[in-house]
Amino acid sequence: MRKLLNVILALLISIGILMPAATTVEAKEGFDINKHVVEMEVHEDGSVLVTETLTVEFSSKLHGIYFDIPKKYNMRWELNGETINKSYTFPVHHVKVLSNQEKDISNYSNYVRIRLGSSSVYKNPGDVETYKVQYEIITRDLELNGIQMLFMNIISGKWNTDIHNVEFTIQMPKAFDRERLLFDSPAGITGTSTGPFNVVVSGNTITGSYTETLHPGDALTVQLTLGNDYFKFVDSDHYRLISVLVSGAVTILMTILFYVFGKDDPLVETVEFHAPAGTTSAEVGVIIDGVANDGDVISLILDWGRRGLITITDDKEEGLILEKKNELESNHRSYESIMFNKLFEKDDKVKVDSLKNKFYRTVQRTEERLDKYFRSKDKKLYTESSEAMQVLFALLSALPIVIVTAMVHGHYYYDWFLTILLCAFEAVSIIMLAALLIHMENKKYVHKWYTKTLLFIVCGILFAIPCIMMIYIVRALKTSPLYAVIAILLNILVLVETVYMKKRTDYCNEVLGQVVGLRNFIIVAEEDRLKELVKENPYYFYDILPFAYALGLTNVWNEHFKNLTIQPCEWYHTYEVNSPYYMHNSLQSHMHAMERTMTTPPPSETSSGGYSFSSGGSSGGGFSGGGFGGSSGGGW
C-alpha cells in the first residue's frame, strides 16, 4: 500500500512539474525546411554578407514564411576566468529578396523582418517553395581587450521547425588558422574533422554540411578565433570627429555671416521725458517691438484726444461715445486717416458699442498701413538683408546638433529612417526654440516678468529635448560625452547669432534709444521730477498717456500720479465725478474695453486659437546558437 502511495505521489509531482513546461511549448510551424543553404562573405572591415536559400515543404495552409534578422545582442563572455556581460548593436542593411515572391521588408529597432508571400495566395500542404534572401551584417570590435573572432550563427535556434539538411560556405577575406575553427551544434563543440559536420577548408574558404536533422531550438554556430588585427573595423570615432568638424565649420560660416549682415552698433539709451519728435503713439508701439498690433493702433484714440481732435465721453445710458472735434492735421499719417475717416464716416459722434464685430477690419487695415509706413526707405527699422538672414538662420539653427546626430547615429546603426526621424525631432524642437527666442527678443521691452519666466521655461524644455537625445546617443554608442558637449555649445552659439541677426538701421538706433529712454523713465519716474514736469506742463500726464498705453505701461504711469495734483482731462468726460486718480483708472479701463470691442471679429470669423509668433522588436540578447547573426522566422 505504501509503495502504491509513493508511486501515485511521484506521478503527481511529475505531472505538476511537466504540465507547466508543456503549456509553454509553442506549436511547431506548419512547414519543414528540407534544405537550408547559408553563404557568408566576410569582409576585412568586419561586415558579413549573408545569403540564405531555404527549400520549404508546407504541412499547413499558409501564405508564406518570414525571416527575422537580429540587430541587438546581449552576450556573456568568459575571459581569463572572469565573466563579462556586453551588449552589441550590429546594423543590418542592404536587405534583398533574390527569389520571386512578393516581399514586405520592415526595419524595427531590434531586428529586420522579411515577409515573403502573397496575402491573396495560399500554399497548401505538400507544396514546396524555395526562398532566397540576402543581407549584410555590420559587425564591430567586440571590446574584449583586442580579441577578434568570427562568431556567427549558421542556423539560429529560433526556427520552430525541423531543418533536415544544412549546407554552408564561409568566405574569409584572408588567411586564418584552421586549428582555431570550432563548431557548436546539438552534438556539442567540435572541430572540423569530428562530429556530424562535414567541413572542408580550402584557402580562405570554409564549406561544409550538417548531416543530422535540427529540431526546434537547435542551432549551428561557427567560432573562428583570429589575430588581433585581422579585421580593420570602421572607426566610429572617425565619423564622430568628422561630424564635429563639419558642425564647427558650419558654425564658423554662420558666425561670419552674422558679422557681415547682423552685428548691431551698441544701442544708446538716452534719458527722455517725451516721445521722439514727430512720432505718434502707434509708431512708438511699433518701434519698441518691430510689429504693429492692436494696442498700437487703439492708442491713437488717446493720441487724437491729446491733440484736440476728439473727445471721449462715458455716458451712463449710452456707454462710451467718441466725438470728432477737428479734422486730422495736414501732416497726418496715411494710416491715421484710414481709421479716423472710417470711425466718423457717418456721424461726428459714434458709440463704441456699435463698432463691435464691425470695426476689426479697419483696425487690421490700419495695422497693415502702419507696417508699410516703416517699410519706407527712410523709416525702415531693420535692414532687409539681416531680416532675410534671420529667417534663414532660424531654419538652419539646428544644424550643429543635427549634423552630429546624423553622422554619429547613422554611421553606427545604419538605420537611416530612425536617424532621419531623430534629426527631424531635434530640428523641429530647435527651430521652435529659435522662433520663440526671436519673439522674446522682439518683445523684451513689452513682456511682463511672469510672461518672460513662462517663456524661459518653455525655451528650456525645447532645448532640453535635443540635448537629452544627443547625450543619450553618445552614451548608447559608449563614446566620449565631449562630442555631445561640443555639438550643444556650437548650437547655443548659432541660436545666439540667430536671435541677434536682425540689424537695426541708423534711424532705428536713434529712435529706439529715445523710446527705450522714455520707457525707462515711465517705469522709474521720481515724484519730484514729475512735479517739475507737471509744473512746466499741467497736461504732462495726458501728453505721455498715449505712449504709455502703446508701451503697455498705463498702470505704472497712473500709479506715479496717485498723490499728485494735475489738471482735469479736457477730452475725457465721465458721468461719475470723483478724484482725478479715479478718472485715470476709469479711462484706462475704458481703453482696454474699447480695444476688445473695436478689434473683435464676429464669432464665425474668430480663429480657433493658438499663440502666434512674427511587430515590435525582439528583446535582443543571446540566441540559442550563442553567436551573432542567424535568421529566425515562421509562417504566416
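Tabulated data
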item	result
Segment 349-394-segment 470-506 distance, computed between alpha-carbon centres (Å)	34
Furthest towards positive pole of dipole, Gly290, Ser185, Phe273, structure part segment 182-297, Cβ charges	Ser185
Estimated dipole of the chain in Debye, rounded to 20 [Cβ of Lys and Arg +1, of Asp and Glu -1, Cα centre]	780
Reachable aspartates and glutamates from Lys72, criterion Cα separation under 15 angstrom, eight or more residues apart if same chain	Glu136, Asp141, Asp415
The chain: antiparallel DSSP beta bridges as a percent of all, rounded to 5	90
Partners for Lys502 among lysines (Cα-Cα distance below 20 Å; same-chain residues under 8 apart left out)	Lys263, Lys372, Lys377, Lys379, Lys380, Lys443, Lys444
Set of lysines with alpha-carbon distance to Lys356 below 22 Å, sequence-local pairs under 8 removed	Lys316, Lys324, Lys342, Lys346
Förster radius 22 Å - calculated FRET efficiency between Leu245 and Leu392 (Cβ-Cβ, nearest 0.05)	0.45
Segment 456-538 - Rg and Dmax from Cα coordinates, angstrom	23.5, 74
Principal axis dimensions, largest first and in whole angstrom, of segment 123-245 by Cα	60, 38, 24
log₁₀ of I(q)/I(0) at q = 0.06, 0.09, 0.10, 0.12 Å⁻¹ - the chain, Debye sum with one point per alpha carbon	-0.59, -0.84, -0.94, -1.20
Table column - 3J(HN,Hα) (Hz), segment 31-41, Karplus curve with 6.51, -1.76, 1.60, x for Gly and Pro	7, 10, 9, 6, 8, 10, 9, 10, 10, 10, 10
Separation of the Trp77 and Arg180 label points, Cα + 7 Å toward Cβ, nm	1.3
Cα-centred dipole magnitude for segment 83-185, charges only on beta-carbon of K, R (+1) and D, E (-1), debye, nearest 20	220
Kirkwood estimate for segment 503-579, i.e. one over the average of 1/r between Cα atoms, Å	14.0
Fully extended contour minus Cα-Cα distance, from Asn198 to Val234, at 0.36 nm per residue	9.6 nm
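Taken together, the values in this text are just the output of simple stated rules run on the coordinates, not laboratory data. Since the model is a prediction, treat every value here as computed from it, not as a measurement. Neighbour counts are summed over all protein chains in view; Cβ atoms, including those assigned to glycine, are modelled from backbone coordinates with ideal geometry.
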